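Quick notes on the structure that follows.
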Amino acid sequence: MSVLSPGAGSLRAMSSGDVVHSAGDDLMDKVVNLCKRRGFVYQSAEIYGGFRSAYDYGPLGVLLLRNVKDAWWRTMVQLRTDVVGLDASILSPPEVWEASGHLTNFSDPLVDCRNCGARHREDQLEDPDVCPSCGAKGQFTEAREFNLMFRTQAGPVAGAGADVYLRPETAQGMFINFANVLNTARNKPPFGIAQIGKSFRNEITPGNFIFRTREFEQMEMEFFVPPDEAAMWFEYWCGARMDWYTGLGIPADKLRLRPHDADELSHYSAGTADVEYLFPWGWGELEGIANRTDYDLTQHAEHSGVDLDYYDQQADVRYRPHVIEPAAGATRTMMAFLLAAYDTEEVRGETRTVLRLHPRLAPYKAAVLPLSKKPELQAVSEEVVGLLQPRWMTDYDVTQSIGRRYRRQDEIGTPYCVTVDFDTLDDRAVTVRDRDSMEQDRVSIDDLVGHLDAKLGL
Ligand code: GAP
């Protein structure tokens, strides 16, 4: 966990994700290049020279990112009876961040070089005395705490509106709605509130493509439990979250759970472990799982004056729930899935690039490819597209040779290509090609949906 609330500065310094990608990193370059070339991720405002650290998700990226979020939601909300969802507002008043501790503590220590004017994070300097930009020694100003929250103003009158903040995490939305959800959702602890949404941090050192950006998406869940069950649920969520990543294709040897050392823990945390992926530049955090104790509910109860305890009528006991928080980054996780899926192999003397994405994550589940542009083949191909589209995102590609089209689909991770050929006009069957094995099956159009359904196994 790189950033939480109070004490964040010291935690951030220790995040292994702070290492910056080196230009010689082959896999990283290939994936970044693929992202641009095939429409996964573009530099934001590129036609104006690019807006640093901001990215736009193109036609394939929006599908992949959505699938990552849907996969998380399915596991964390849909398949459970003890977790409900929430979509809280991004703009929030200062009171929330006063109570959470972000207004005072969500900061990084910054120093300016008097010689060249460059600004650096003090905790990231190799030599605390030497400016890495110009080499000047002893020219740094005193460190200042730089708050990472974006502040703006609400209301139409310039300069006269109230300060509001773009949320730096989705988590506080769950804490400030705890009583609302408790009163409306029939759940009692242990239960969770889950949310997916954008968060904003004025990162001083964004970098490594979409790994650390100023605008990103989080997938967070706050699991409210009786205090004496907190340790057990912490262990449970550490295991469950690791299973989620491996179940979607992250190789076990590229994933680790790194418990925080005692001196790394925030003062409210009774335990934190990061799920880390082995990025080309080293281990980097995908998710932090924290036992946040009753810190957040206590803070908000005290600052708002609203009772945030839970009264268990059956047992006639009142307590303030403790919270276990699995907090993941959607955009960063999408990048890990891309890196893990990227593969190249020799096929009959040619190199093919294949994204071995889990079918649940693949932007398109199938592509329909008529062997030729002849109208009679296109007509039946469109009929096939019409059968598949209501079930799955389906691509339809008529241009260039069939070999080129297979390669194109391999490169974007489409699990199945459905080829319509001249025999189809007689036997009403199509050829289904498997992305990974490249094996082909002849399947009747009437059985196609069932066949793909079974193959995809979603
Ligand atoms: N509520 C707890 C919390 O926000 P965090 O470790 O600061 O904890 C959770 O953030 C996850 O959000 C991280 O593990 C990471 O995946 C993602 N994240 C945080 N800052 C990010 C950034 N600047 N860019 C992309 N993802 C980020």
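Is there a residue being at pLDDT 95 or above, touching a helix residue (DSSP H, G or I) at 6+ places or on another chain (Cβ under 6 Å), of a type outside the set (Lys, Arg) and open to solvent by less than 40 Å² (accessible area, probe 1.4 Å) anywhere in the range 385-397? Yes: one or more hits. Restricting the search to the range 229-286, which residues are under 27 Å from Val77 (Cα atoms), in a loop (DSSP other than H, G, I, E, B) and under 19 Å from the mean Cα position of the chain (by Cα)? Result: Leu248, Gly249, Ile250, Pro251. Among the residues of the range 139-184, those that are away from the ligand (no atom under 15 Å from the Cβ) and β-branched (Val, Ile, Thr) comprise Thr141, Thr152, Val157, Val164, Val181, Thr184. I'd like to know if the range 181-194 contains one or more residues that are surrounded by fewer than 21 Cβ atoms within 10 Å (Cβ to Cβ) and closer than 13 Å to Asp87 by Cα. So far as the range 181-194 goes, yes, one or more of its residues are surrounded by fewer than 21 Cβ atoms within 10 Å (Cβ to Cβ) and closer than 13 Å to Asp87 by Cα. Here Arg442 passes the criteria (1) open to solvent by 70 Å² or more (accessible area, probe 1.4 Å); (2) among the charged types (D, E, K, R); (3) under 23 Å from Phe40 (Cα atoms); (4) not in a loop (DSSP other than H, G, I, E, B) except the one numbered (3). Number of residues in the range 305-343 that are touching a residue at least 40 places away in the same chain (Cβ under 8 Å), open to solvent by 20 Å² or more (accessible area, probe 1.4 Å) and away from the ligand (no atom under 16 Å from the Cβ) equals 7. Kindly indicate which of Pro132, Pro128 is assigned to a loop (DSSP other than H, G, I, E, B) and touching a Leu at 6+ places or on another chain (Cβ under 8 Å). The match here is Pro132. Checked against the criteria, Asp296 counts as among the acidic types (Asp, Glu) and open to solvent by less than 10 Å² (accessible area, probe 1.4 Å). Restricting attention to the range 159-180, the residues that are surrounded by fewer than 19 Cβ atoms within 10 Å (Cβ to Cβ) and of a type in the set (Asp, Glu) add up to 1.
Assess whether Ser89 counts as being over 25 Å from Arg408 (Cα atoms), open to solvent by less than 70 Å² (accessible area, probe 1.4 Å), of a type outside the set (Asp, Glu) and part of a loop (DSSP other than H, G, I, E, B). It is false that Ser89 is over 25 Å from Arg408 (Cα atoms), open to solvent by less than 70 Å² (accessible area, probe 1.4 Å), of a type outside the set (Asp, Glu) and part of a loop (DSSP other than H, G, I, E, B).
The values are calculated or read from the model by the stated rules, or taken from the named source; none is laboratory data. Predicted, not measured: the structure shown is a model, and the values here were computed from it. For neighbour counting, all protein chains shown are included, and Cβ atoms are generated from backbone atoms with ideal geometry for every residue, glycine included. Side chains included, ligands, DNA and RNA excluded: accessible areas come from the protein's heavy atoms. Shrake-Rupley method; radii C 1.70, N 1.55, O 1.52, S 1.80 Å.
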